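The values are calculated or read from the model by the stated rules, or taken from the named source; none is laboratory data. All figures in this text were calculated on a predicted structure; none of them were measured in a lab. Here the Cβ positions follow ideal geometry from the backbone for every residue, glycine too, while neighbour counts run over all protein chains shown. Keep in mind that these areas ignore ligands, DNA and RNA; they rest on the heavy atoms of the full protein, side chains included. Shrake-Rupley method; radii C 1.70, N 1.55, O 1.52, S 1.80 Å.
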Amino acid sequence: MIEGHAFEIKSLVGGGIITNYNCSSQCRHCLYAGGPQREKDFIDAETARRSFSLIRALRCNAIHIGGGEPLLNPEGVMAVLETAHLEGVFVEYVETNSSWYQDSQQACDLLRQLQHYGLTTLLVSISPFHNEHIPFNNVKGVVDACEKTGMNVFPWVLDFYKDLDAFDGSVTHPLEEYITNFGNDYLEKIPSRYWLHFGGRALRLFEDLFEKKKAETILEENREGCLELVDTNHFHVDLYGNYIPGLCSGLSIQIDDLGMPIPEEKYPLQTGLFKKGIQSLFDFAVEGHGYSPTRMFISKCDLCTDIRKFLVLERGVVSHELQPSGFYKNL
């Protein structure tokens, strides 16, 4: 065991509920590999209730709602808002990419319904990644509807507004158009303008910004256990009742196993990662499933994701620790 640390989620600081992975966008930086091809499942009432109850029990009283695109199912979002209220958990904001916008009246009507269920703030995605799939006029329309209805707007991020506004707002624009218009270093500068976690699809999108190393070098440089697994500063619980440790998309702990030491016999892969680091998962994949690295990596997270993707897609490993499988299929 790492001295001074136990593999246990004792309390939660701040985070959110992933209501669905289905999305009208398929952003190239998406940590959770959302998209139109993902399953159209949405969090059910009992999973929402259990999740909020546990979140409250672990001393977190406020969360956000994200996806996927939650407002592909507005009635579902309203049900989640109602459940959160009943369980005493405040919803800080709902995230949206604005794909649902049709016209001002329709948008205002929906926002008023959400306000009726206690929502005060809408996080509106503003980025070149979203603009590859969502016309900027949709975003402007949603922001305008928020102003008309008194809904607070959390623009994520406002710094990109002028970039998107330089193009025709009625249509989408590929990232390559931004690079052509703003310079070859446009992608390179984005991490300084936009908080990103280099996991999920972002690993491939930004890989050329980092030095790549052989797996052996990554293993040598990362001999300590992965304490990220017990970081609860930005946690997520998904629609299937999976707690996602740290920001390690594709890893899962069932919510009923939080608040107590994580049982090693039930979670051998994550216990190994926590105690021994990436070497543990690497050895498991090599010795038990014939894994062999076929490329170089930018980080231990890149290597970890590659190993897990191999186990799920190439070797057909089915494990409650490697969920949801749709994450790996849609990277």
Query raised in the report: From a point 7 Å beyond the Cα of Ser292 in the direction of its Cβ, which residues of region 216-241 have a backbone N at a distance under 16 Å?
Result: 216
Requested in this report: Report, in debye and to the nearest 20, how large the dipole of the chain comes out about its Cα centre when Lys and Arg carry +1 and Asp and Glu carry -1 on their Cβ.
Outcome: 240
Query raised in the report: lysines within cross-link reach of Lys309: Cα-Cα under 27 Å, excluding same-chain residues under 8 positions apart?
Result: Lys40, Lys212, Lys213, Lys214, Lys266, Lys275, Lys276, Lys300, Lys329
Report summary line: Stretched fully, the stretch from Trp195 through Val157 gains (0.36 nm per residue minus C-alpha distance, one decimal, in nm) 12.8 nm
Query raised in the report: Between Leu123 and residues 5 or more places away or on another chain, which pairs have amide H atoms under 5 Å apart, with H built 1.01 Å from N, and which residues are they?
Result: Val94, Glu95, Thr96, Phe154
Report summary line: In region 7-114, taking the dipole from +1 charges on Lys and Arg beta carbons and -1 charges on Asp and Glu beta carbons about the Cα centre, the listed residue (Leu12, Gln105, Leu86) farthest towards the positive end is Leu12
Report task. Evaluate the charge dipole of region 128-177 about its Cα centre and quote only its size in Debye, nearest 20, assuming +1 on the Cβ of each Lys and Arg and -1 on the Cβ of each Asp and Glu. Result -> 280
Query raised in the report: How large is ³J(HN,Hα), in whole Hz, for each residue of region 268-279 in order, when computed from phi with the Karplus curve 6.51 cos²θ - 1.76 cosθ + 1.60 and θ = phi - 60°, using x for Gly and Pro?
Result: x, 5, 6, 4, x, 4, 5, 7, 10, x, 4, 4
Report summary line: The farthest towards the positive end of the charge dipole of region 227-327, of the residues Thr305, Gly250, Tyr267, given +1 on Cβ of Lys and Arg and -1 on Cβ of Asp and Glu, is Thr305
Query raised in the report: In a shell of Cβ-Cβ distance under 14 Å around Ser170, excluding Ser170 itself, what net charge do Lys and Arg (+1) and Asp and Glu (-1) give?
Result: -2
Query raised in the report: If the convex hull of the alpha-carbon atoms of the chain is projected onto planes in all directions, what is the mean projected area in square nanometres?
Result: 16.7
Report task. Give the accessible surface of the chain per residue, rounded to a whole number of Å², with probe radius 1.4 Å and ligands, DNA and RNA excluded. Result -> 44
Report task. Loop only per DSSP, at most 14 neighbouring Cβ atoms within 10 Å: give me the chymotrypsin sites (Phe, Trp or Tyr not before Pro) in region 179-253, ordered by residue number. Result -> Trp195, Phe210
**Report entry** Heavy-atom accessible surface of the chain: percent carbon and sulfur, 1.4 Å
**Finding:** 49
Query raised in the report: Between Tyr186 and Ala166, what length in nm is gained on full extension when 0.36 nm per residue of separation is reduced by their alpha carbon distance?
Result: 5.8 nm
Requested in this report: Compute the FRET efficiency between Lys148 and Glu92 as 1/(1 + (r/R0)^6), taking r as their Cβ-Cβ distance and R0 = 25 Å, and round to the nearest 0.05.
Outcome: 0.70
